[in-house]
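The values are calculated or read from the model by the stated rules, or taken from the named source; none is laboratory data. Being a predicted model, the structure only gives us computed values, none of them experimental. Don't worry about glycine lacking a Cβ; one is built from the backbone with ideal geometry, like all the others, and counts go over all protein chains shown.
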Amino acid sequence: MSLVFDWTALATRTETPGTGGRLRTVPEDFRVEELPAYPFSGEGEHLYLRLEKTGHTTAHVLHELSAQLGVRDRDLGVAGLKDRHAVTTQWLSLPARYESQLGRFALGGVRVLEVTRHGNKLGLGHLRGNRFVVRVRGAPGTAGTAAATLALLTAGGVPNYFGPQRFGLQGLNAEEGLRVLRGESRVRDPRVRRFLTTSVQSLVFNRFLSLRLERDLFDRLLAGDMAKKHDTGGVFLVEDAAAESPRAQRGEVSATGTLFGRKVRPLTLDAGALEAEALAAFGLTPEVFASRRGDRRLTRVFLEEAEVRPAEDGYTVAFTLPKGSFATSVLRELTKTAVDTLDGPEEEGA
C-alpha cells in the first residue's frame with residue numbers, strides 16, 4: 001500500500017448517506033475549545049493564559065510569546081496543538097515572573113481571555129479533551145441525515161483514526177518518516193524527525209483499525225488483544241475473546257492498537273496476526289521502529305454532548321472528544337467526504 005494518507009483506503013463506521021458539504025469556509029466555521037484536565041489552583045510559580053486565536057498555529061503563538069517577552073522556549077508550556085484554520089481556545093503557561101510584561105504581548109488574531117496561576121508548568125497532554133463546534137455549509141436539508149449518523153456514533157463509538165493533520169500537506173509525512181527510521185533522511189531537526197516518524201506509526205495504526213472495521217471487529221475483541229477499560233483506563237490481555245466481547249459491545253472496553261516502538265510489545269495470537277497484516281501492507285516490521293519509544297492507542301472513542309442544529313445551507317454539529325482524538329474522524333462519517341486532506345492543518349485533537 002502507499003505511504004500517502006488516503007481517506008478512501010480507510011473503512012467507515014456508519015453506512016448512512018453522507019451529507020457532503022464544505023468545512024472551514026471561514027475560520028469561525030470551525031471552533032475548538034480545550035478542556036483542562038484539572039482545575040488550576042490560582043496560585044503558584046506558573047502563569048496560565050487562556051488564549052483565543054485565529055489564523056495562527058500554536059507553535060507560532062509560542063514563538064511570538066518567546067520573542068516578545070524574552071521567555072525561553074523550554075519555560076513555555078502547552079497541553080495540545082491547535083489548528084490555525086479555526087477559532088481555537090487553549091491554555092498556555094509561562095513563569096509567573098513575566099506577568100508584569102504581559103501588556104507588551106500583541107499579535108493580531110490572538111486575545112488573552114483569562115489569566116490565573118498554578119504550581120506546575122503545563123505539560124503536553126494535560127487536557128481532558130476538546131469541545132468542537134463545526135459549521136457544514138453547502139449541504140441544505142441534511143441536518144436530519146447528520147443527526148442520524150451522529151446518533152449511531154454516540155451509541156457505538158467513533159473510529160479513533162489519526163486524521164490528515166498527522167500526515168502533513170498532501171499526506172506525505174510518512175514517506176519521509178520512513179526514511180528517518182531507516183537512517184536515510186537529511187532532516188536534522190529532532191522535533192521534526194520525531195513528528196515525521198509518528199506519522200509512520202499512525203499509518204500502521206489506521207490500517208489496523210480499518211481492518212477491524214472491514215471484518216466487523218470494531219466492537220468485538222480478539223484473543224491477544226490488549227483491551228482498555230473506558231472507566232478506569234486499565235489495560236488487560238484478552239485471553240477469551242468470546243467472554244470479553246460482550247463488554248466491548250456494551251462500550252465498557254475497547255481494543256487498542258500498537259504504536260510500534262522498543263517499549264511496546266506487539267500483539268499476539270489472533271490480534272497479533274491482524275496487526276502483522278497491517279504492517280505487511282506497507283512492507284514494514286516492528287524492528288524498523290526501534291528508535292521510537294512506542295505506545296498504545298484506543299481503536300474507539302465515545303462522543304459527549306453531541307448535537308446537530310439545522311442551518312440555512314447545511315447544519316452545525318457540536319461534540320466533545322477525549323484528548324488525542326481527531327474531529328475529522330467524526331466529520332468524515334457525517335459528510336462521507338475526504339475532509340481536510342487538501343488543507344493539511346495542524347493537530348486539532350491533540
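For Asp340, all conditions in the list (1) in contact with a Pro (Cβ under 9 Å, 6 or more places away or on another chain); (2) in a loop (DSSP other than H, G, I, E, B); (3) within 22 Å of Pro164 (Cβ to Cβ); (4) in the same structural domain as Ser210 (by TED's automatic domain parsing) hold save one; what is the number of the exception?
(4)
Determine which single condition Arg292 fails, assuming it passes every other condition in (1) surrounded by fewer than 19 Cβ atoms within 10 Å (Cβ to Cβ); (2) modelled with pLDDT under 95.
Going through the list (1) surrounded by fewer than 19 Cβ atoms within 10 Å (Cβ to Cβ); (2) modelled with pLDDT under 95, Arg292 breaks only (1).
Within the stretch 138-149, count every residue that is surrounded by 18 or more Cβ atoms within 10 Å (Cβ to Cβ) and touching a Ser or Thr at 6+ places or on another chain (Cβ under 6 Å).
Of the residues in that region, 5 qualify.
Of these, Arg117, Arg131, Arg111, which one is touching a strand residue (DSSP E or B) at 6+ places or on another chain (Cβ under 8 Å), surrounded by 14 or more Cβ atoms within 10 Å (Cβ to Cβ) and more than 29 Å from Leu259 (Cα to Cα)?
The conditions single out Arg117.
Anything in the stretch 92-106 that is in contact (Cβ under 8 Å) with a residue 24 or more places away in the chain and either buried (at least 23 other Cβ atoms within 10 Å of the Cβ) or out of contact with any strand residue (DSSP E or B) (no Cβ under 8 Å at 6 or more places or on another chain) (or both)? List them, or say none.
Ser93, Leu94, Gln101, Arg104, Ala106
Does Arg265 count as within 29 Å of Thr8 (Cα to Cα) and within 24 Å of the chain's Cα centre (by Cα)? Show your work before the answer.
Values: within 29 Å of Thr8 (Cα to Cα): no; within 24 Å of the chain's Cα centre (by Cα): yes.
Here the answer is no, as Arg265 does not meet what is asked.
Residue check: is His56 crowded, with 20+ Cβ neighbours inside 10 Å, under 20 Å from Arg166 (Cα atoms) and of a type outside the set (A, V, I, L, M, F, W, C)? Give the steps one after another, and end with the answer.
Details: crowded, with 20+ Cβ neighbours inside 10 Å: yes; under 20 Å from Arg166 (Cα atoms): yes; of a type outside the set (A, V, I, L, M, F, W, C): yes.
Answer is yes for this residue.
Tally the residues that are part of a strand (DSSP E or B) and small (Gly, Ala, Ser), restricting the search to the stretch 246-270.
Pass one, the stretch 246-270, residues part of a strand (DSSP E or B): 253-259, 261, 264.
This time we only want the ones that are small (Gly, Ala, Ser), so: 254-255, 257, 261.
Total satisfying the criteria: 4.
Being farther than 19 Å from Asn160 by Cα and among the charged types (D, E, K, R) is the filter; apply it to the stretch 1-27 and report the residue that is surrounded by the fewest Cβ atoms within 10 Å (Cβ to Cβ).
Arg22
Filter the stretch 230-240 down to residues that are touching a residue at least 12 places away in the same chain (Cβ under 8 Å) and not in a strand (DSSP E or B) and give me whichever is surrounded by the fewest Cβ atoms within 10 Å (Cβ to Cβ).
Ranking the candidates gives Asp231 first.
Any idea which of Ala227, Ala273, Ala278, Ala243 is crowded, with 19+ Cβ neighbours inside 10 Å and part of a helix (DSSP H, G or I)?
None of the others qualify; the one that does is Ala278.
Among the small types (Gly, Ala, Ser) and touching a residue at least 60 places away in the same chain (Cβ under 8 Å): which single residue out of Gly251, Gly257, Gly272 fits that description?
Details: Gly257 fails: touching a residue at least 60 places away in the same chain (Cβ under 8 Å); Gly272 fails: touching a residue at least 60 places away in the same chain (Cβ under 8 Å).
Unique residue meeting the criteria: Gly251.
Please list, ordered by residue number, the strands (runs of 3 or more DSSP E) wholly in the stretch 286-335 having 1 or more residues that are under 30 Å from Lys263 (Cβ atoms) and in contact with a strand residue (DSSP E or B) (Cβ under 9 Å, 6 or more places away or on another chain).
295-298, 314-322
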